[in-house]
1. Among the candidates Ala283, Ala262, Ala338, which residue alone is in a helix (DSSP H, G or I), at pLDDT 95 or above, farther than 18 Å from Pro128 by Cβ and among the hydrophobic types (A, V, I, L, M, F, W, C)?
2. Name the pairs: first residue in the stretch 290-302 and of a type in the set (A, V, I, L, M, F, W, C), second residue part of a helix (DSSP H, G or I) and open to solvent by 40 Å² or more (accessible area, probe 1.4 Å), Cβ to Cβ under 8 Å, at least 6 apart or on different chains?
3. Got at least one residue in the stretch 243-252 being assigned to a loop (DSSP other than H, G, I, E, B), within 22 Å of Val78 (Cα to Cα) and at pLDDT 95 or above?
4. Just name the residue that is farthest from Tyr121 (Cα to Cα) out of those in the stretch 301-336 that are open to solvent by less than 40 Å² (accessible area, probe 1.4 Å) and of a type in the set (Gly, Ala, Ser).
5. Which one of these does Val145 not meet: (1) surrounded by 19 or more Cβ atoms within 10 Å (Cβ to Cβ); (2) in contact with a Ser or Thr (Cβ under 7 Å, 6 or more places away or on another chain)?
6. Scanning for something more than 23 Å from the chain's Cα centre (by Cα) and open to solvent by 10 Å² or more (accessible area, probe 1.4 Å), does the stretch 259-276 turn up at least one residue?
7. Six or more apart or on different chains, Cβ under 7 Å: which pairs go from a residue in the stretch 318-342 that's closer than 22 Å to Thr94 by Cβ to one that's open to solvent by less than 70 Å² (accessible area, probe 1.4 Å) and polar (S, T, N, Q)? Could you list them?
8. Six or more apart or on different chains, Cβ under 9 Å: which pairs go from a residue in the stretch 178-198 that's on the phi < 0 side of the Ramachandran plot to one that's open to solvent by 40 Å² or more (accessible area, probe 1.4 Å) and polar (S, T, N, Q)? Could you list them?
Amino acid sequence: MNKFTNFMPVAFALASVVSSHALGADSVKVRLGTLAPKGSSYTKHLQVMGEEWRRAPGGGAQLTVYPDGTMGSEPDMVRRMRLGQLQAAMLTTTGISEIEPGAVGLQTIPKAFKTLEEVDYIGEKLQPMLEKRLEAKGFIVLFWVDTGFVRFFSKQQVMTIDDLKKTKLFVSGNRPAEMNVYRAFGFNPVPLEFSDVVPGLQTGLIDCVCMPPTIALAIQLDSAASHMLDMNWVPLVGAAIINKKTWDSLSPESREAMLKSAREAGKLIKADGRRENGESIEALRKRGLKVHPMTPELDAEWDRMVEKAWTKIRGEVVPADIYDEVMNQLKTFRASKAGAGK
């Protein structure tokens, strides 16, 4: 009887430990930073993903999302991940390039991509290689996303290249090579953080911004920049990443379930982002935004300018091997489409 009595507290303690683990008390804590606005479809899908992570077998993880750039700029978020203050982030290629410079090839070649189908094709070709490079540097890609093409929003009408040269153009503060290219072709880039865009427009520090219409609507950019040039400049591409140390600390069954829910979240974010990008232009137009369509003649003029800029972008902004791969794959894709149409 004494032996049984002595065993009971031990049995209850073990049962308590097992029960606590099953309920997720020992779940890995994952803090995720993003510039995406609170309440946007981006953050809503991340929150749903977080609920699925919490219920994942093998302990799962407790996800906390920090939207609105509350964890700083994208380079700040990468630094916080390296310090262990954040474990994950949803970043554009601007942030991802702080880890792997080749990521900019998915985005930062103006007017190289004519359609979202081309964006998808290049993603399929380059993303597996980029994922391997990122993993070698200590980060796991949970999913890739894009939100369609960005447009130029400005205080005054911008239609021509000369119009854009007269503006003070916002460029992300951690992109000195990109600023050098703009300057080389007679533009006036102003380096700022994303959080300073609206104040910069209000004070006159900048008067032109390139961003997706969906983000422009979310931050009510039209209140400070009432014109939009309806030209596909570059796609806004990004990814959700988690540091490998945190990922490896999860059980295999947790990783499998969490990756599955992350990939589903990525598909939904991408689909909603693209759809909302088009819808946002109409919503902004109803709010008074002046949308300026391109003519074929103007579009050809812009094409001639960017093709000259590509020679400087190659190797200076986009690593030469990545640039060459993007351009070669685009040629292959377009040739196959042309052949299929015959």
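1. Going through Ala283, Ala262, Ala338 in turn, the sole match is Ala283.
2. Hits for this filter: Val291/Arg285.
3. yes
4. Ala309
5. (2)
6. Restricting attention to the stretch 259-276, the residues satisfying the condition of being more than 23 Å from the chain's Cα centre (by Cα) are none.
No - not one qualifying residue is present in the stretch 259-276.
7. From residues that are closer than 22 Å to Thr94 by Cβ, the pairs are Val318/Thr108.
8. Tyr182/Asn188; Pro189/Asn180; Val198/Gln220; Val198/Ser223
The values are calculated or read from the model by the stated rules, or taken from the named source; none is laboratory data. The structure presented is a predicted model; accordingly, all values stated were derived computationally and were not measured. We place every Cβ from the backbone using ideal geometry, glycine too, and count neighbours over all the protein chains shown. These area figures cover heavy atoms from the full protein model, side chains too; ligands, DNA and RNA do not enter into them. Shrake-Rupley method; radii C 1.70, N 1.55, O 1.52, S 1.80 Å.
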